[in-house]
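If you scroll down you'll find the structure; I have some questions about it.
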Amino acid sequence: MSSLTFTSQRSERKSYGLPKPVPAYFPTSKKSILIPNFELYDAIKQAPRGLVATHEVPIRSGKAWKASKGSIVRISTPEGPQVCDFNCWEANSGFKEHMWASRTRQLHSSHVSVYDKLWSNLPYLRPLVTIIDDTLADYGPDEHGGRVYDLLGTRCDPYVDKLLSGEDVDFHCHSNLYRAIREFGGEEENVHDVLNIFQSTGLNEHGQYFMETCPAKAGDYFEFFCEVDLICAISACPGGDLSNWGWGEGAEDPEGRNAGDMTSVCRPLKVEVFELNDSATVLAKWKSPEPVKYKGNHGITK
Ligand SMILES: [Zn+2]
């Protein structure tokens, strides 16, 4: 154990003769709520659609937009690798119902892809979106265990940067997301733990979170179906493709790997919102999900 990895970061495994644990939320039958309707989501992905909105998101900035239930959102990297921090809220909840990264991580996995859903917080707990396409679906796990579309970490923010570097730096995903949602009445505390789109991450042998250079190429995209009316927000991470990131603007890490200005590795993002040409047919068997109807001594069901 070095002086930089201590008690909680031990890497030596100990054997207690335990059986291999099963995933805690593994579906127990084909009727499980965790088994998606593959035919439905394949049909949605393939059905003719029309573009209803496009948002170009410049480097190091954020953007919020509305998307109706039944619509499709595509987020892409038009010019090459760029990490994208994503938040979403049910549009009629006053920012109360939002994506719940940790429960989604338990219900699916630490990193998500096609057919996974992004679930909402309590007292709602319903799918807000279902992922229907992902051009990086075949990436990973890489030689270090890295996978893309990360639910392990969260957004970069100026508070942790100040804590670690001592600098006041205003280019962070948290700040971009907050500035973006003000357009719809959102407050700073409405920004929540993110889905890191196009970002490769994992836990090393010490259980420590790591980030790798974004593997996306120009034209890669991530696409989801909106299960409810949504307000979405993204930040084009000011760390860019994360090939040259560090705390503080232009700071160097102790090993001198972070040399200078991160803008050289920042690229724009693009958002497109589509509607199905014939939603009545394609979505005939689909119903916008409702919150879980828990009827115990609290919750929202009367
Ligand atoms: Zn960021």
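At 7 Å along Cα-to-Cβ for each site, give me the label-to-label distance between Val22 and Tyr115 in nm.
Rounded to a tenth, the inter-label distance reads 1.9 nm.
Can you tell me the Rg and the Dmax, both Å, for the Cα atoms in the chain?
20.0, 62
Under a crude label model (7 Å from the Cα following the beta-carbon direction), how far is Ser279 from Ala218 in nanometres?
3.4 nm
Using Cβ counts within 10 Å as a stand-in for footprinting exposure, how do Tyr178, Tyr41, Tyr25 rank, fewest first?
By the 10 Å Cβ count, ascending: Tyr25, Tyr41, Tyr178.
Taking neighbour counts of Cβ atoms within 10 Å as a proxy for exposure, in what order, fewest first, do Asp168, Asp134 appear?
Asp168, Asp134
Next up: For the modelled label position 7 Å from the Cα of Glu12 along Cα-to-Cβ, which residues of region 192-216 have backbone nitrogen atoms closer than 19 Å?
Zone members listed by number: 205-208.
What order do you get for Glu188, Glu79 when you list them from fewest to most C-beta neighbours inside 10 Å?
Glu188, Glu79
OK, next. With N set to the residue count of region 131-257, report its C-alpha Rg divided by 2.2 N^0.38 Å to two decimal places.
1.13
Run lengths n ≥ 4 of DSSP H only: what is the helix-derived mean residue ellipticity at 222 nm for the chain, with -39500 (n - 2.57) per run over all residues, to the nearest 500?
One gets -3000 deg cm²/dmol as the mean residue ellipticity at 222 nm.
Could I ask something else about it? Can you figure out the FRET efficiency of Lys45 with Phe184, using R₀ = 22 Å and their beta-carbon distance, to the nearest 0.05?
Taking R0 as 22 Å, the efficiency between Lys45 and Phe184 is 0.20.
So, one more: If I model a spin label at Glu290 and Ile33 as a point 7 Å from the Cα along the Cα→Cβ vector, what separation in nanometres do I get?
Output for this residue pair reads 1.3 nm.
For region 49-184, take the convex hull of the Cα atoms, compute a quarter of its surface area, and give me that in nm², please.
The orientation-averaged projected area of the Cα hull of region 49-184 comes to 10.2 nm².
Something else: For the chain, set up a GNM with springs between Cα atoms under 10 Å and report which of Gly202, Gly140, Gly153 has the largest fluctuation.
Of the options given, Gly140 has the highest mean-square fluctuation.
How much of the pair distance distribution for region 1-122 lies past 26 Å, counting alpha-carbon pairs only, in percent?
Of the Cα pairs, 46 percent sit more than 26 Å apart.
None of the figures in this text is laboratory data; all of them are computed from the coordinates on show. What you see is a predicted model, and the numbers here were worked out from it, not measured in a lab. Cβ: placed from backbone, ideal geometry, glycine included. Neighbour counts: every protein chain shown.
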